[in-house]
C-alpha cells in the first residue's frame with residue numbers, strides 16, 4: 001500500500017513537470033460508484049446485531065451496531081430502524097437447544113465464549129436460520145437486515161523496524177541515519193463478516209469478510225475502544241458502498 | 001521488382017498526408033470535446049472523443065480523454081479499456097500513467 005502511494009506520488013510529480021510543457025487541462029471529475037447490492041426493494045434497514053468476541057474491553061456487538069446505524073443514517077437513503085440490539089449469542093444457544101430435541105431433553109451446554117476465530121464457527125448456524133430471520137423481518141416490516149460477526153482481539157508482534165536516529169561526528173556535525181531495531185509492538189486485530197439478509201425471505205443476499213490490524217509501539221498506551229474505531233473507520237467505506245451509491249471526487253488531466 | 005518498390009514508395013508518400021489529415025480531423029474533435037467537458041457536457045464530450053478514436057485509432061490523447069469521461073459517467077470497465085489503449089499507444093506518457101493510477105485506486109475500492 002505504501003509502495004503504491006509512493007509510486008502514485010512519483011507519477012503525480014512527473015506528471016506535473018509534463019503538464020507545464022504540453023497541451024493539457026486539469027479537470028475535476030466525480031466518479032459514481034454503484035452499490036454492490038441492489039437494495040431498491042427495501043425502504044428500511046435493520047442493523048440487528050452481531051456475534052462478537054475477543055477482548056472484553058469493547059462490546060463488539062453493541063459498538064458495531066451503534067456505529068453502522070449512525071453511518072447509515074447519514075450516508076444511506078434507507079430508513080434506519082431503531083430497536084434493541086439482538087442478543088444473537090443467546091439466540092444461537094437457544095437454537096442449539098431446539099436442535100438437540102428440545103422439550104424434555106437435556107439442554108445442550110452453552111457455547112464457549114468467543115476468544116478466537118474458530119470459536120465463531122459454532123455460532124455460524126444462526127445466520128443460516130432462514131425461519132428466524134424471516135420472523136425478525138416480519139416483526140420490522142420486512143427490511144434489509146444487517147448482521148454478522150466481529151472479533152476484536154489484542155495482537156502482539158515482535159519485529160524489526162526502521163527508525164531514524166541522530167548522530168554527531170567528531171566535528172559535532174549532526175546527521176540522521178536509519179537504524180534497524182528489534183521492537184515489541186502491540187495492537188489489535190479486527191476480523192469478521194458483514195451479512196446482508198432479505199427480511200422478506202430470511203435468505204442471505206450478500207456477505208463480505210474483513211480483516212484489519214493496527215500495531216503501536218509497546219510503550220504506547222492506546223485505549224482498546226480508540227483502536228476499535230480506528231479499525232472500523234477503514235471498513236466503513238466498503239460497508240457503505242455495498243448499500244449505497246457514492247461519488248468520489250478527483251481531478252484528471254485531459255490531453256490535446 | 002523495381003516497379004514494386006516504386007509503387008510502395010508512391011503509396012507511402014500518398015498515405016502520409018492521409019494520416020496527417022486523420023490526425024488533424026481527430027484533433028479538432030478532441031479540442032471540441034475538451035471545451036464541452038469543461039462546461040460539464042460530458043455526454044457530448046464522449047461522442048466527440050469516440051469520433052476522434054474512430055478517425056485516428058492511434059491517437060493516445062483521445063483514448064485518455066475518453067477514459068476520463070467514462071470514469072466520470074461511472075462506466076469503469078470502459079474507462080479501464082480506454083486507459084489501457086492510451087498507455088499501449090504511449091507507454092511513456094506520465095500524464096496518462098497518472099490518470100490511470102488514480103483510476104485504479106477508485107476501481108480497486110469497488111472490487112474489494
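Observations
- Scanning the range A:211-235 for residues that are within 14 Å of another protein chain (Cβ to nearest Cβ) and either without any contact (Cβ under 8 Å) to a residue 40 or more places away in the chain or loosely packed, with under 14 Cβ neighbours inside 10 Å (or both) yields a count of 3.
- If you go through the range A:198-223 and pick out every residue that is over 20 Å from residue A:188 (Cβ atoms) and out of contact with any strand residue (DSSP E or B) (no Cβ under 6 Å at 6 or more places or on another chain), you end up with 4.
- Hey, residue A:225 closer than 30 Å to residue B:56 by Cα and either in contact with a helix residue (DSSP H, G or I) (Cβ under 8 Å, 6 or more places away or on another chain) or at pLDDT below 90 (or both) or not: no
- Scope the range A:242-256; condition under 21 Å from residue A:37 (Cα atoms) and facing chain B (nearest Cβ under 7 Å); matching residues: A:248
- In this structure, residue A:250 does not satisfy being under 21 Å from residue A:114 (Cβ atoms) and modelled with pLDDT under 95.
- Residue count for the range A:18-36 under the criterion of being at pLDDT below 90 and either at the interface with chain B (Cβ under 10 Å from one of its Cβ atoms) or in a loop (DSSP other than H, G, I, E, B) (or both): the result is 9.
- The set of residues from the range A:183-197 being more than 14 Å from the chain's Cα centre (by Cα), under 25 Å from residue A:222 (Cβ atoms) and touching a residue at least 40 places away in the same chain (Cβ under 8 Å) comprises just one member, A:187.
- Of residues in the range B:57-96 being more than 14 Å from the chain's Cα centre (by Cα) and facing chain A (nearest Cβ under 9 Å), the one farthest from residue A:249 (Cα to Cα): B:94
The values are calculated or read from the model by the stated rules, or taken from the named source; none is laboratory data. None of these values were measured; they are calculated from a predicted model. Positions of Cβ are backbone-derived with ideal geometry, glycine not excepted, and every protein chain shown enters the neighbour counts.
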